[in-house]
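J.: First the structure, then my questions, so here it is.
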Amino acid sequence: MSHITTPSVPGARIRAVAGDVPHRAVPVRAVLPALIAALCALTLLLSTAGPARAHDELVRMNPEAGATIAKAPTTLELTFSGSIQDIGSEVRVTDSRGTDVTRGTLAVQNTKVSQPLREGGDTDETYTVTWRVVSQDGHPIEGTFTYSVGEGSGTTASPAPVAEASQGSGSAEKSEDGRQNVSGTGIPSWVLPVVGGVVALVLLLVVLAFATRPKQR
C-alpha cells in the first residue's frame, strides 16, 4: 500500500508558528512612570505661571506723587522695577487748564523713563501726570498722579488720555499714586504651547497603553 505525502510549502510552518505567538502587550506599569512625570511637569508649569502676574511696576517718581515743590521741573522722571520697552511708551503732563506742558522726545533707558517739560511753568499750579509704558514681558502698564508747584492751583484737570500701546496684552489697573497692578492672564506666552504638548503626550501614552493590551480570547 503506497503512501501519498503532501509536499510541504516552505515557510508555512514558520508562518504558522509565528501566528501562534501572542502579541506582546506593553504593561500599563511600563508607561505609568512616564504618565506621572508628564503630569508633574504640567503641574510645575501651572504653578510657576502664577508669579508672572507680578509685572513691572512704577517704584519712583521725580517729582513724587502728591509732592509740592517750589519750582516747576524741567524733566519728569519715572523709574520702574524692570526694563521698559522703547515702543509704546508715552507720558502726558497737563496743568489745571488741561494744557500739555511736555516737550521734546520721551527717553527710555533701561528702567528709567524721562520726559522733558516746558521751562518757565506757572508759579502756583497743579500738574497731572498720565503715563503708559510696555514692560519687558510685553504687558502694558499705566497710571496717573499729580504734583503741585508753589501753592498749587486748587483744581486739577482730567487725566489726558494716552495712546494704546502697540504691544502686549491685558489691561493696566490705575492707582491714585501712580503705582499700579496689572490685570490680565499673567501667563507667559510660552506656557500654553508647552502645556498643550504635555497634554498631547499624556493622551498618546494612554492610547498606546490601551492599544497594546492583549485581546481577550
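The values are calculated or read from the model by the stated rules, or taken from the named source; none is laboratory data. Just so we're clear, the structure is a prediction, and the values are computed from it rather than from any experiment. In this analysis, Cβ positions are derived from the backbone assuming ideal geometry, glycine residues included, and neighbour counts consider all displayed protein chains.
J.: Does V91 satisfy being farther than 12 Å from Y147 by Cβ, in the same structural domain as P116 (by TED's automatic domain parsing) and exposed (fewer than 13 other Cβ atoms within 10 Å of the Cβ)?
T.: no
J.: Of the residues T130, T79, T126, which single one is part of a strand (DSSP E or B), touching a residue at least 12 places away in the same chain (Cβ under 8 Å), among the β-branched types (V, I, T) and surrounded by fewer than 20 Cβ atoms within 10 Å (Cβ to Cβ)?
T.: Values: T130 fails: surrounded by fewer than 20 Cβ atoms within 10 Å (Cβ to Cβ); T126 fails: surrounded by fewer than 20 Cβ atoms within 10 Å (Cβ to Cβ).
Of T130, T79, T126, the one residue that is part of a strand (DSSP E or B), touching a residue at least 12 places away in the same chain (Cβ under 8 Å), among the β-branched types (V, I, T) and surrounded by fewer than 20 Cβ atoms within 10 Å (Cβ to Cβ) is T79.
J.: Related question: From the list E119, E64, exactly one residue is part of a loop (DSSP other than H, G, I, E, B), under 17 Å from G150 (Cα atoms) and at pLDDT 95 or above. Which is it?
T.: Working: E119 fails: at pLDDT 95 or above.
Answer to the selection: E64.
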